[in-house]
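The values are calculated or read from the model by the stated rules, or taken from the named source; none is laboratory data. It should be emphasised that the depicted structure is a prediction, and the values quoted were computed from it without experimental measurement. Cβ sites come from the backbone with ideal geometry, for glycine too, and all protein chains shown count toward neighbours. What goes into the accessible areas is simple: the full protein's heavy atoms, side chains included, and nothing from ligands, DNA or RNA. Shrake-Rupley method; radii C 1.70, N 1.55, O 1.52, S 1.80 Å.
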Amino acid sequence: MIKKAVIPAAGYGTRMLPITKAQPKEMVPVVHKPVIQYVVEEAYYSGIKDILIITGKGKRAIEDHFDRSDLPKKDRYLAELDRILEEIDIFFVRQKEQKGLGDAVRYAESFVDDEPFALLLGDTITFPPCTKELIHIHNKYKTPIVAVEEVPMEKVSLYGIIACKKIGGLVYQIEDLIEKPSVDDAPTNLAILGRYILTPDIFDCIQETKPGKDNEIQLTDAMKLLNNRKRMYGYLFRGKRYDIGNKLDWLKANMELALKDEEIGGEIREFIKSMEVYHD
Ligand code: UTP
């Protein structure tokens, strides 16, 4: 039973500059809502009521976003958030220095206590909610699970990659984890996508992890240690993952989700068609 979620949202967001000069990358809008709202809603719709968001320097807007609004006239998406806020508790902790994702997760130790927990990166959206699927798999195997997706081989050096053997369906036993390998060193094209179920022994592993790629404490390196101590599984997520950490993928996410949107999808489609006519 997973009751707690941890959402790291303290990173610099340098790849999104200057958009992120004075606002957190997790507050960047995707169609109707800021990214972090999708992430909190994913945790909620996966059955989680206690959420810890790890923030830091320049991230105050995230806390403000999760205050209940007192505006008299409510937008539909604001109303949905207010309704969810009635049912969940959101806690905040500040990462003192931006020393990497592994370091950020360390701040969740006392919140998590001795229970397994869900970890959702604050700059990543998944449809359908990947966390719900991970919880389902965790309930069966009772072991840490990392969601992965297939990426083009030439892009493996942008991701954490797993080496693994298939144990059935979409589930793999992890043999190794490598942060941003070169194409030649990558054992597979299965990339860690930003959704995890972890157990509290990850905190000891983080403690023992030295700075790695980019001189940051890498969560992938800590999970490599965890994998030496206990069985870990990978889960091949068949849904859609949107990475809002870089401009191109952020724009693609907006276009794709706007096209799918029930309110504005039709108009956007017509608009795009009219642009094609114009360019012809
Ligand atoms: P990224 O790897 O995208 O790093 O973080 P970043 O620093 O946010 O962005 P760039 O590379 O400067 O453009 C993945 C997730 O981990 C969080 C981020 O907020 C994001 O949700 N993170 C990263 C932290 O919470 N703390 C850190 O020190 C680094």
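Could you tell me the ratio Rg/Rh of the stretch 11-76? Both radii from Cα atoms, Rh via Kirkwood. Write down the numbers at each step before the final one.
Values: Rg = 13.0 Å, Rh = 13.3 Å.
Reported Rg/Rh (Cα atoms, Kirkwood Rh): 0.98.
I'd like the Karplus ³J(HN,Hα) series for the stretch 259-265: coefficients 6.51, -1.76, 1.60, θ = phi - 60°, whole numbers in Hz, and an x wherever there's a Gly or Pro.
Residue by residue, the stretch 259-265 yields 5, 7, 6, 5, 7, 10, x Hz.
What nm distance separates the two modelled labels at residue 261 and residue 185, each placed 7 Å from Cα along Cα→Cβ?
4.1
Return a whole-number percent for the relative contact order of the stretch 186-280, with Cα pairs under 8 Å and 6 or more residues apart as the contact set. Mind showing how you got there, number by number?
Details: 37 pairs, mean separation 12.5, N = 95.
The normalised contact order for the stretch 186-280 reaches 13 percent.
Taking 0.36 nm per residue of separation and subtracting the Cα-Cα distance, what length does fully extending residue 12 through residue 157 add?
On the way: separation 145, 0.36 × 145 = 52.20 nm, distance 2.00 nm.
Contour length minus Cα-Cα distance gives 50.2 nm.
Give the distance, in whole Å, between the Cα centre of the stretch 31-59 and the Cα centre of the stretch 123-149.
Each part reduced to its Cα centre gives a spacing of 16 Å.
Calculate, for residue 60 and residue 80, the FRET efficiency according to 1/(1 + (r/R0)^6) with r their C-beta to C-beta distance and R0 30 Å; round to the nearest 0.05.
Details: r = 23 Å, r/R0 = 0.77.
For residue 60 and residue 80, the calculated efficiency is 0.85.
Mind checking the stretch 1-108 for GluC sites (Glu not before Pro) that DSSP puts in a loop (not H, G, I, E or B) and that have at most 10 other Cβ atoms within 10 Å? Provide the component values of the computation, followed by the final result.
Working: sites: 26, 41, 42, 63, 80, 86, 87, 97; in loops: 97.
In loop regions of the stretch 1-108 (DSSP not H, G, I, E or B), the sparsely surrounded GluC sites (Glu not before Pro) are 97.
Tell me, what is the per residue accessible area of the chain in Å², probe radius 1.4 Å? Let's see the in-between values first.
Details: 14090 Å² over 280 residues.
Computed with neighbouring chains in place, this is 50 Å² per residue.
With a 1.4 Å probe and every protein chain kept in, tell me what percent of the accessible surface of the stretch 28-144 is carbon plus sulfur. Let's see the in-between values first.
On the way: 2760 of 5490 Å².
Ligands and nucleic acids excluded, carbon and sulfur give 50 percent.
Around residue 163, under 15 Å between beta carbons, what's the net of Lys plus Arg minus Asp minus Glu among the other residues?
Working: positive: 165, 166, 180, 224, 231; negative: 150, 175, 176, 179, 184, 185, 221.
Local net charge: -2.
What FRET efficiency would be calculated for the residue pair residue 115, residue 150, taking the C-beta separation as r and a Förster radius of 25 Å, to the nearest 0.05?
Values: r = 31 Å, r/R0 = 1.24.
It comes to 0.20.
Determine, from the Cβ-Cβ distance of residue 22 and residue 49 and an R0 of 30 Å, the FRET efficiency 1/(1 + (r/R0)^6), rounded to the nearest 0.05.
Numbers: r = 32 Å, r/R0 = 1.07.
Once rounded, the FRET efficiency stands at 0.40.
Please calculate the 1.4 Å probe accessible area of residue 259, with all protein chains present, and give it to the nearest 10 Å².
The value for residue 259 is about 50 Å².
Residue-wise, which Karplus ³J(HN,Hα) couplings in Hz belong to the stretch 151-160, taking 6.51 cos²θ - 1.76 cosθ + 1.60, θ = phi - 60°, and x for glycine or proline?
10, x, 3, 6, 9, 4, 6, 9, 10, x
Using helices alone, I'd like the mean residue ellipticity at 222 nm for the chain: each DSSP H run of four-plus residues gives -39500 (n - 2.57), total over residue count, nearest 500. Let's see the in-between values first.
Numbers: 10 runs with 98 residues, N = 280.
After summing the helix terms and dividing by residue count, I get -10000 deg cm²/dmol.
Output the antiparallel fraction of DSSP beta bridges having both residues in the stretch 16-161, as a percent to the nearest 5. Please report the intermediate quantities before stating the final value.
Details: 2 of 8 bridges.
In the stretch 16-161, DSSP labels about 25 percent of beta bridges as antiparallel.
Ordering 271, 92 by how much accessible area each has at a 1.4 Å probe, largest first, what is the list?
Numbers: 271 120, 92 70 Å².
The residues order as 271, 92, largest area first.
Can you list residues whose amide H is under 5 Å from residue 212's amide H, if they're 5+ apart or on another chain and H is modeled 1.01 Å from N?
Sorted by chain and number, the residues that satisfy this are 217, 218.
Compute the normalised compactness of the chain: alpha-carbon radius of gyration over 2.2 N^0.38 Å, N being the residue count.
Values: Rg = 18.9 Å, N = 280, 2.2 N^0.38 = 18.7 Å.
Ratio of Cα Rg to 2.2 N^0.38 Å: 1.01.
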